[in-house]
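> This is the structure I have questions about; it appears just below.
The values are calculated or read from the model by the stated rules, or taken from the named source; none is laboratory data. Just so you know, these numbers come straight off a predicted model, no measurement behind them. Cβ placement follows ideal geometry from the backbone for every residue including glycine, while neighbour counts extend to all protein chains displayed.
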Amino acid sequence: MFGLPMVVGMVLYGAFNLIDMFMLSRLENAAQVLAALGVCDMVFALASIVAMGISNGSVALIARRAGEGDREGVREAAWQSLLLMTFASVAVGLVGILGANWVATDVMQMKGEVARLGGDYLQVMLGGAFSMFLLLQVTAILRALGHARSAASLLVAGNALNVLLNAVLIYGTGPHPDIFAWAGPVAEVFGVPRLGMVGAAWATLIGRTVPVIAGAVYLTALKDGLPLKALQLKVRWALIRELLRLGWPSAAQLVLRVGVVLVFLSLVAASYTSQQDATVLTAYSICLRLEVMVLFMSLGWGAAASTYVAISLGANRRARAINAGFVAALCSVLSALLCVALFQLYAESILGFFDPSPAVVHAGKTYLTIVGWSYLALAFGVVLSQGMAGAGATLSSFVLDALVLLSLVIPASLLVVRGLGLDVEVLWVVIASGNVLAGAVYGAYFRRGTFLEARV
């Protein structure tokens, strides 16, 4: 009951991202737009990682205080986390407003029309980073207080609003795909021009800002929430340092995981594609988007595990904390099993929706056949990692990931591709083995329970 709303919210979040891409792919300059979007997504992912690190650390602290029955401690930690998130978003916003074009051209090496599109898009997305940072934190506080349905509702409502605004802001008065023809008269009434890619950025900014405002009002009205009389604008540096101590390993762990995917992408691009044939890279990119759906579901169950572990430890119920982590992990595995079954049964239809060419469909089907079942272990490990973060053991999660990925998976991948020059299917086996190994390591470590000693 607690985790399922977050799972639904995260799955719909992933689905709305796919809809965004679909809508932009219908523009007349779709090739340049999608190229710019792919690079900009990676840039914005780094900003998101900073926010998620702070959020994970704050959930551990807030939920622990809730479990201890320390209402004043809950409010103090919540307000300070919001202040910290505001400061971080201002820093990112300044980079976006003042340096978006520099990031696009000098850092990410975009060129021509792609650089122009990317610079305009990043200026709005990074400049308006406060919307994403604060939405993430407001929903994290709601989860920590046990209001998972409210948090999920804000995510779903924000993304639904984003899609509606996309139809108006991207296409303006037209032309539109048939399904979005209704947006033309709306744009004409309000005098909205055809903004293209930058329109998607404005839609995202507005679609996140509205639920932030609604969530803040809701938080102040809750009996166990953050009443205005408890507002503490004074920065408490000791608490800020504690939030950063808990948050930086979580952010570093996410950076590590993104970095590993980039290594896999570079290996595939360098060794298994050519200027004439990018079949394998295209198939792998599509499969990664499917993998993200499994990851989002796991993060939903992980949010439940994180909160339950923290509250249980605050109430000095260690056995329940361990049990909650494994129950949430089992739920995650069952959810992943449903996805994997769909991927196996309908692989050709799913892959063909994104790219109908037989070669791409065959390559993607091969990947899903080899790697797909390892998603069960991935789902298991992700939830236990989040459970450890709820206990405040964010550094332990980072170390375990570094141990598996940097010491074993990446060296094995380099050996297979660069050292031995083996077929791409062997690289897929290495990726699948890494998922299984990580799940086993997290299971064994979580069972030991030593992470419960983390100081929060």
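> Quick one: which residue in A88, A78 is over 13 Å from I141 (Cβ atoms) and assigned to a helix (DSSP H, G or I)?
A88
> Only residues in the stretch 130-147 that are touching a residue at least 24 places away in the same chain (Cβ under 8 Å) count as the first member; pair them with residues that are among the charged types (D, E, K, R) and surrounded by 24 or more Cβ atoms within 10 Å (Cβ to Cβ), Cβ under 6 angstrom, at least 6 apart or cross-chain, and list the lot.
S131/R208; M132/R208; L135/R208
Yes or no, residue by residue, for (1) at pLDDT 85 or above; (2) over 16 Å from the mean Cα position of the chain (by Cα); (3) in the same structural domain as L334 (by TED's automatic domain parsing):
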{"site": "G199", "(1), (2), (3)": "yes, yes, no"}
{"site": "G207", "(1), (2), (3)": "yes, yes, no"}
{"site": "L222", "(1), (2), (3)": "no, yes, no"}
{"site": "K229", "(1), (2), (3)": "no, yes, no"}
{"site": "V255", "(1), (2), (3)": "no, no, yes"}
{"site": "L262", "(1), (2), (3)": "no, no, yes"}
{"site": "D277", "(1), (2), (3)": "no, yes, yes"}
{"site": "T282", "(1), (2), (3)": "no, yes, yes"}
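> Could you tell me whether V114 is out of contact with any helix residue (DSSP H, G or I) (no Cβ under 6 Å at 6 or more places or on another chain), of a type in the set (V, I, T) and assigned by TED's automatic domain parsing to the domain that holds A31?
Taking the combined requirement at face value, the residue does not satisfy it.
> What's the total number of residues in the stretch 192-209 that are closer than 14 Å to A129 by Cα and buried (at least 18 other Cβ atoms within 10 Å of the Cβ)?
Count: 8.
> Let me confirm something: among A363, A319, A379, which residue is within 30 Å of T139 (Cβ to Cβ) and either touching a residue at least 40 places away in the same chain (Cβ under 8 Å) or surrounded by 24 or more Cβ atoms within 10 Å (Cβ to Cβ) (or both)? Spell out how you get there, then give the answer.
Numbers: A363 fails: within 30 Å of T139 (Cβ to Cβ); A319 fails: either touching a residue at least 40 places away in the same chain (Cβ under 8 Å) or surrounded by 24 or more Cβ atoms within 10 Å (Cβ to Cβ) (or both).
That would be A379, the only listed residue that is within 30 Å of T139 (Cβ to Cβ) and either touching a residue at least 40 places away in the same chain (Cβ under 8 Å) or surrounded by 24 or more Cβ atoms within 10 Å (Cβ to Cβ) (or both).
Every residue, every condition in (1) among the polar types (S, T, N, Q); (2) under 25 Å from S48 (Cβ atoms); (3) in contact with a helix residue (DSSP H, G or I) (Cβ under 8 Å, 6 or more places away or on another chain), yes or no:
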position	(1), (2), (3)
V263	no, yes, yes
L288	no, yes, yes
A305	no, yes, yes
L313	no, no, yes
L334	no, no, no
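Residue by residue, here is whether (1) surrounded by 21 or more Cβ atoms within 10 Å (Cβ to Cβ); (2) under 21 Å from the mean Cα position of the chain (by Cα); (3) outside any helix (DSSP H, G or I) holds:
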{"site": "M1", "(1), (2), (3)": "no, no, yes"}
{"site": "M10", "(1), (2), (3)": "yes, yes, no"}
{"site": "N17", "(1), (2), (3)": "no, yes, no"}
{"site": "M21", "(1), (2), (3)": "no, yes, no"}
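> May I pose another question? Among S433, S396, S407, which is polar (S, T, N, Q), in a helix (DSSP H, G or I) and either over 27 Å from the mean Cα position of the chain (by Cα) or surrounded by fewer than 16 Cβ atoms within 10 Å (Cβ to Cβ) (or both)?
Numbers: S433 fails: either over 27 Å from the mean Cα position of the chain (by Cα) or surrounded by fewer than 16 Cβ atoms within 10 Å (Cβ to Cβ) (or both); S396 fails: either over 27 Å from the mean Cα position of the chain (by Cα) or surrounded by fewer than 16 Cβ atoms within 10 Å (Cβ to Cβ) (or both).
The conditions single out S407.
> Exactly one condition in (1) at positive phi; (2) in contact (Cβ under 8 Å) with a residue 24 or more places away in the chain; (3) not aromatic (F, W, Y) is not met by I170; state its number.
That leaves (1) as the condition not met.
> Test F353 against the criterion of being surrounded by 22 or more Cβ atoms within 10 Å (Cβ to Cβ) and in a helix (DSSP H, G or I), and give yes or no.
No, not satisfied.
> Which one is surrounded by the most Cβ atoms within 10 Å (Cβ to Cβ) among residues in the stretch 94-129 that are hydrophobic (A, V, I, L, M, F, W, C) and touching a Lys or Arg at 6+ places or on another chain (Cβ under 9 Å)?
Narrowing the stretch 94-129 to residues hydrophobic (A, V, I, L, M, F, W, C): 94-95, 97-98, 100, 102-104, 107-108, 110, 114-115, 117, 122, 124-126, 129.
Then drop every residue that is not touching a Lys or Arg at 6+ places or on another chain (Cβ under 9 Å), which leaves 104, 110.
Numbers: A104: 26, M110: 23.
Restricting to residues being hydrophobic (A, V, I, L, M, F, W, C) and touching a Lys or Arg at 6+ places or on another chain (Cβ under 9 Å), the top hit is A104.
> Could you run through the stretch 98-156 and say how many residues are in a helix (DSSP H, G or I) and either more than 25 Å from C40 (Cβ to Cβ) or among the small types (G, A, S) (or both)? Can you show your working first?
If we filter the stretch 98-156 for residues that are in a helix (DSSP H, G or I), which is where we start, we get 98-107, 112-127, 129-144, 148-156.
If we keep only those that are either more than 25 Å from C40 (Cβ to Cβ) or among the small types (G, A, S) (or both) as well, we get 99-100, 104, 112, 115, 118-119, 127, 129, 131, 140-144, 148-153.
The total comes to 21.
> Do we find a residue being part of a helix (DSSP H, G or I) and over 30 Å from L406 (Cα atoms) anywhere in the stretch 276-297? Please lay out each step first, then the result.
Initial filter on the stretch 276-297 (part of a helix (DSSP H, G or I)): 279-297.
Within this subset, residues satisfying the condition of being over 30 Å from L406 (Cα atoms) are none.
Looking through the stretch 276-297, none of the residues is part of a helix (DSSP H, G or I) and over 30 Å from L406 (Cα atoms).
> Output yes when any residue across the stretch 253-263 is at negative phi, part of a helix (DSSP H, G or I) and crowded, with 24+ Cβ neighbours inside 10 Å, and no when none is.
Yes; the residues of the stretch 253-263 include at least one that is at negative phi, part of a helix (DSSP H, G or I) and crowded, with 24+ Cβ neighbours inside 10 Å.
> If you don't mind, another one. Look at F22 and say whether it is aromatic (F, W, Y) and in contact (Cβ under 8 Å) with a residue 12 or more places away in the chain. Can you show your working first?
Values: aromatic (F, W, Y): yes; in contact (Cβ under 8 Å) with a residue 12 or more places away in the chain: no.
No: the conditions fail for F22.
> Additional query: When you go through S89, S25 one by one, which is the residue that is hydroxyl-bearing (S, T, Y), in contact with a Phe, Trp or Tyr (Cβ under 6 Å, 6 or more places away or on another chain) and in the same structural domain as N162 (by TED's automatic domain parsing)? First the steps, then the outcome.
Numbers: S25 fails: in contact with a Phe, Trp or Tyr (Cβ under 6 Å, 6 or more places away or on another chain).
So the residue among S89, S25 that is hydroxyl-bearing (S, T, Y), in contact with a Phe, Trp or Tyr (Cβ under 6 Å, 6 or more places away or on another chain) and in the same structural domain as N162 (by TED's automatic domain parsing) is S89.
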